[in-house]
Every structure is written in structure tokens, then in C-alpha cells.
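Read through the structure below, which is laid out as C-alpha cells, and then see the notes.
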Amino acid sequence: MKEKTIKLGIGFATGRKSFRKVLNSYIYSWNESAIRNKLQSKVSLSLFIAYDLDYLNTQSTDFTNLSQEVVDTFEDIVFLGAKNAQRNLLQLIDEGGLSKKDAKLLFGTGYAGKRNAIMYAALANKMDYLLFLDDDEYPVAVTNNKGDCLWGGQYVLPMHMQNIPDADITNGYHCGYISPIPQIEFDSTLSESDFGKFINTISNDIVNWDTVQKNMENGGVTYADTKVLVSHEAHPIEEVNHCKFISGSNLCINLTRPERTFPFYNPPGARGEDTFLSTLLANRKVMRIPCYTFHDGFSAYRHLLDGVLPLHLGAIPGTDPAVINRFLKACIGWIRYKPLLIYLTEPETFEETISEMKTSLHETLPKICQYFHCDDFMEIEAELEKYVKNVKKHNLQFQDTQQGWKNLLKALEL
């Protein structure tokens, strides 16, 4: 009896030219891995790229002009730029399989829309599994050995392939510059206590002051755990505050039972699409697998992909205007999705929690502005007010997006 070919989709929602180099590193790792050699006769890879030309003023060839070796690795390559994605949607609507409302909810602007477009394309192309990767994460792990960095390659694709057949979702670990928070030198303007209060106000259960404070002791770097690196065992992700927290990358979704999948969602202009998916996973088998990716959150270590492995990773100072601007955008992205997260997970204390957040921001934001010499941080208060005001509307959108996904699966006869 002929052995069934497993179809694995690789998904990138990207806006950076460096995406191609990152893709190359994963494919070279796949082609090289000893584990892969046991799988190569029965695994077919396909690539799904949702690209954004406006993010960094790029052009389509920055994403479509792939090396021949990479092209030869894939059975199919599907590009989801704005124009061809729009054509696919119009065809779905014209054929009566999807309403305009559902199409807008599922495939609108933002990362959630791009991820949903990738997942839809993977389902339409009969993928068994879909692995999401990010364009600023690399298949290497770094550990701290008495102050020196030790680097090791990570077999990301094979590790997911080993674990995803028995799970709904597999999610790996992350090291490197996971947080967009720069290194802070506390002083009379901004104390450690004030900054901790600010971070806990705007962040979630995973990114909180305890984890940030620990990272700052390491210069803002999260190092890989050697116990995880030598482990071959996956373990279930436990539910925390009604969420099985996952990240949007190094993330594999089992598509063999489409009815067990959920769409991504984020409030308009916000992030958090992985966090809101986390709120839906109570009855799903979600596994943490022992493989890392290095998150180059400040784009400071792209030379890693050229084979340059530094002995020391430097702190990212909070004096660079680009770093400050990135931190500001992250803060606004967090505050925009936090009201809905609280509304979903702590509805009985929603008003009280929001009131405490407003008080905390009123106390800390002037100090944040003064420290970074940037008054734009005061916008965070107005953003909180706006998204609290619209939280019921966003909750309805979240529920409607889930129903829209069910309608799409029905239209695809999945």
C-alpha cells in the first residue's frame, strides 16, 4: 500500500525584504536535518506568503523573487498580495460561498486578516498542517554560558512535524529580543517602581513586569533553557486566566480536522491576534514543543543568517529614536487590545480593572514622556478610552468572525 504524502504548508505574513533570507534559513535547515531524512519521502511542502507593500515601501518582487533552490523545495507557492487576495475574495463572494460582511471580518486589514488568508489558502490547497513563521525569527537558539553566547541550530519544521499529528496546535519557544521594551536606566525621572506599574498596566499575563524585569537583568535578552534544548518531550500548554497562551510564530495548526480550527482576530488597528486565538483553545490540545526560534525584535542581528555568531548580545538602549518609536507603537498596540481581552477573560471585574488602568496611566505616563523625551506616549490614555468605549462592538466582531469562519468552512465543504 502506497504511503500517504503529508502536506505541510509554510505561512509568512510579511512586509520585510529580509523575509527571503529568513525563508532560506528554514529551508536549508529542513533540507539538511537528519530528522528530515526520515520524513522526506512522505512530506510535501507548500509556501503561502501574504505580503504587505505599504509596511516598508517594498515592491512585489521583494517577496516573489525566490532562489531556485527554495522554489525547487516546494510543491506549490501561493502569493497573497493585496490584488490577488482581493480577486480570490471576490470570487468567493460571487459564487455565494461568503458574504461581504464575513469577507471583511476575516480578511480585512491587519495581521489577523493576513493570517486568515494564509489559513484559507492552505485549506483550499488541501494542506494537512500549516506552520506560521515570522520574518524576524531565525531557526537558532542562544544560551548564556558564564557570560558568553553559545549558539545552536534548531530543526523547527521537523520538530513540529513530529508532534502536530496528535495535537490541534503546536507552539515552540522563543529566545533573543522577544520584548520590544528597550533597556531602561532608572533615575529620578523614571523609577523602577513607576516603570513596572506602567508595564503591568498595558501588558498581558505573558508580557508582564516580572518577565520584563528578569530580561532587563540580561540586557533585554531571553536566553534559551538548556533543559528544553536537550529535551525531546512536548508538554501541554496549561490554561492561564481562561487562555492557553500561544505566539503567532513557531506555531503549527492541524488542518486535518478543519472544524477544530479557529480564525485569527484583532480589534481594528490593534495586534493581539495570537492572544485572542488563545482565548478559544480551552477544549483543544495545545502542545509546547522543544524547539526555539531567535526573535530579532529590533532587527539588530540580521548577520546571524550570514553565519556571524556574536559572543555577546548587547542591550538595546532607550535613547535611539527608532527604538523609542517601536516601543511606542507596541504600547499603543497593547493598550488597544487589552480592553477586549479583559472583557473576555474577566468580565465581572471589567469596570474596576479599567478604572485602575486609567489611574495608573495618569500617574506614570508623564514620567514616561519625560524620560523618553516623547510626548506621544500620552496618546495611550486616549487610545484606552476609545477602545473601552468600543469594547462591546469589538466583542461582537470577534464572535461574528468565528461564525464567518464556520461559514467559510461550509462553503469550502470542509
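The values are calculated or read from the model by the stated rules, or taken from the named source; none is laboratory data. All of these numbers come straight from a predicted model, not from anything done at the bench. Reconstructed Cβ throughout: ideal geometry from the backbone, glycine too, with neighbour counts over all protein chains shown. The area values use the complete protein model at the heavy-atom level, side chains included, leaving out ligands, DNA and RNA. Shrake-Rupley method; radii C 1.70, N 1.55, O 1.52, S 1.80 Å.
If R0 equals 30 Å, the separation of the Cβ atoms of Lys104 and Asp375 corresponds to a calculated FRET efficiency of about 0.30. Accessible surface computed residue by residue for the range 155-311, with neighbouring protein chains in place and a 1.4 Å probe, gives 40 Å² per residue. Among the protein heavy atoms of the chain, carbon and sulfur supply 49% of the accessible surface, probe 1.4 Å, non-protein parts ignored. Using the Cβ of Ser231 as centre and a radius below 12 Å, the other residues enclosed give a net charge of 0, where K and R count +1 and D and E count -1. The tail of the calculated P(r) for the range 311-414, taken as Cα-Cα distances beyond 18 Å, holds 61 percent of the pairs. Using 0.36 nm per residue and subtracting the Cα-Cα separation, the extra length available between Lys227 and Ile77 on full extension is 50.3 nm. Annotation: peptides 173-180, 271-278, 223-230, ranked by per-residue average of other Cβ atoms within 10 Å with the highest first, follow the order 271-278, 173-180, 223-230. Taking the centroid of alpha carbons for each part, the range 106-135 and the range 216-283 are 16 Å apart. A Förster distance of 25 Å, applied to the separation of the beta-carbon atoms of Asp210 and His303, puts the FRET efficiency at 0.20. A cut-off of 5 Å between modelled amide H atoms, ignoring neighbours fewer than 5 places along the same chain, links Ile246 with Ser278.
Listed peptides 287-297, 45-55, 376-386 appear in the order 287-297, 45-55, 376-386 once ranked by packing, highest mean of other Cβ atoms within 10 Å at the front.
Of all DSSP bridge pairs formed entirely within the chain, close to 40 percent run antiparallel. Taken about its Cα centre, the range 199-352 carries a charge dipole of about 460 debye when Lys and Arg each add +1 at the Cβ and Asp and Glu each add -1 at the Cβ. A helix-only calculation puts the chain at -13500 deg cm²/dmol for mean residue ellipticity at 222 nm, using -39500 (n - 2.57) for each DSSP H run of at least four residues, averaged over all residues. Taking a straight Cα-Cα cut-off under 15 Å and skipping sequence neighbours fewer than 8 places away in the same chain, the aspartates and glutamates within cross-link reach of Lys367 are Glu185, Asp187, Glu192, Asp194, Asp375, Asp376, Glu379, Glu381.
Here the chain is assigned +1 on the Cβ of each Lys and Arg and -1 on the Cβ of each Asp and Glu. Its dipole about the Cα centre then comes out at about 1380 debye.
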